[in-house]
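The values are calculated or read from the model by the stated rules, or taken from the named source; none is laboratory data. All of these numbers come straight from a predicted model, not from anything done at the bench. For neighbour counting, all protein chains shown are included, and Cβ atoms are generated from backbone atoms with ideal geometry for every residue, glycine included.
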Amino acid sequence: MREQGRVAPVLLAAGSDPTAVARTFIACGLAADVTLPASADVAAAMRRYDQLWATRTPSAVVVRGDNLAAGLAAYWRRVPVMHMDAGRRSGSLVADDADGDRRLLTQAATVHLAPAPLAAMNLLDERVVAGDVLLTGGTAVEAARLMAERFPTRAKGNRVVVAGIKTGSEHDQPVREAMLALTARRPELDVFGGLALPYPERSRLIAAAEVVVTDDADLAEEALAAGTPVLVPGDGGGLTEAIHAGCAHPVDPEAGAILAAVADLLESRVRRDSMSVIGSPYGDGLAAARIAQATAALLGHGQFPEPMPARPEAGVSH
């Protein structure tokens, strides 16, 4: 947005740990313009956002993923909402609480910025007006490049495996068991819990990793943007595009199966490279520019961008 010069962005750090968010901004060479106190739940967060929108009303609010509080507070203030990563669906409102928030946020959004074609189709299936949906891709590709420039990949050492399972996930225990067995059998490996690390260090580890095991869509998207193969315990709900493309593989959520799948990839450079070369189906490195241009266009400054081009199907030449 700052580079395009059409609108003046105000960067906000909020959520359950706004200090961590602010640190992530700093790692990206940015500084938060506003920091809200930590909120324990959606209701408390909505009150804080509403107070902010009342005293410093924005022309539009750009929210990402499942940030329901910011979106609803803007909606009730009649402020347009640009929803990044719109249309992601895990398919389970029980196992994934965030899925419900994403669906509710869809009802409040003005423009839906979809990260992948399937996400856009989900929105259309839910009766979102086609003209309000824009296929932008996700910004993880740009973030991965930025982190690679600012924080070079860790020096060569032990081989790296990163595992990150969502809090409360049914896959947590089998993945833990598999990683413990892996480190016992392969002492030359370094195994890290990706979701517990600060963003810059996590980015460096993901870029250095040979395999990432996760059921977290954000962590998986970061790994795919860095060209790291991903194994997804379970049915891969929110990562259908990556599994279809072949850059991520589903694995039975059982410790033995996870251990075998990781060992198989570690033993075969060809298999890892065949997954890495596909790249990420969630962005082409131009998502941030499209989102900035779309936000400006909504506010009357220029035209909406062209959507992200569709990726050719594997094995089909054009």
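Looking at A116, is it in contact with a Phe, Trp or Tyr (Cβ under 6 Å, 6 or more places away or on another chain) and either aromatic (F, W, Y) or closer than 22 Å to G71 by Cβ (or both)? Taking the combined requirement at face value, the residue satisfies it. Considering G131, G227, the condition of being outside any strand (DSSP E or B) and without any contact (Cβ under 8 Å) to a residue 24 or more places away in the chain is satisfied by G131 alone.
In this entry, L231 is excluded by the filter for residues that are modelled with pLDDT of 90 or more and surrounded by fewer than 23 Cβ atoms within 10 Å (Cβ to Cβ). Among the candidates D33, D85, single out the residue that is without any contact (Cβ under 8 Å) to a residue 60 or more places away in the chain, of a type in the set (D, E) and under 26 Å from L239 (Cα atoms). Going through D33, D85 in turn, the sole match is D85. Residue count for region 102-128 under the criterion of being part of a strand (DSSP E or B) and within 20 Å of A242 (Cα to Cα): the result is 2.
Yes/no per residue for (1) among the aromatic types (F, W, Y); (2) surrounded by 15 or more Cβ atoms within 10 Å (Cβ to Cβ); (3) more than 27 Å from T136 (Cα to Cα):
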position	(1), (2), (3)
A13	no, yes, no
D17	no, no, yes
T24	no, yes, no
V34	no, no, no
S39	no, yes, yes
A44	no, no, yes
R47	no, no, yes
A54	no, no, yes
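Please specify each residue of region 138-167 satisfying the condition of being part of a loop (DSSP other than H, G, I, E, B), closer than 27 Å to P115 by Cα and either in the same structural domain as I291 (by TED's automatic domain parsing) or in contact (Cβ under 8 Å) with a residue 40 or more places away in the chain (or both).
Within region 138-167, G138, T139, F151, P152, T153, I165, K166 qualify.
Out of P187, P174, one residue alone is over 24 Å from A226 (Cα atoms) and either among the small types (G, A, S) or not in a loop (DSSP other than H, G, I, E, B) (or both). It is P174. Just one of the listed residues (E201, E188, E222, E210) is in the same structural domain as A263 (by TED's automatic domain parsing), surrounded by fewer than 20 Cβ atoms within 10 Å (Cβ to Cβ) and under 18 Å from the mean Cα position of the chain (by Cα), namely E201.
You will find that of G246, G279, G238, G256, the residue that is surrounded by fewer than 22 Cβ atoms within 10 Å (Cβ to Cβ) and at pLDDT below 90 is G279 and no other. Selection of helices (runs of 4 or more DSSP H) fully inside region 1-101 by the criterion of at least 2 residues being in contact with an Asp or Glu (Cβ under 7 Å, 6 or more places away or on another chain) and more than 22 Å from Y199 (Cα to Cα) returns 68-76. Number of residues in region 194-205 that are closer than 21 Å to R272 by Cβ and in contact with a strand residue (DSSP E or B) (Cβ under 6 Å, 6 or more places away or on another chain) equals 2.
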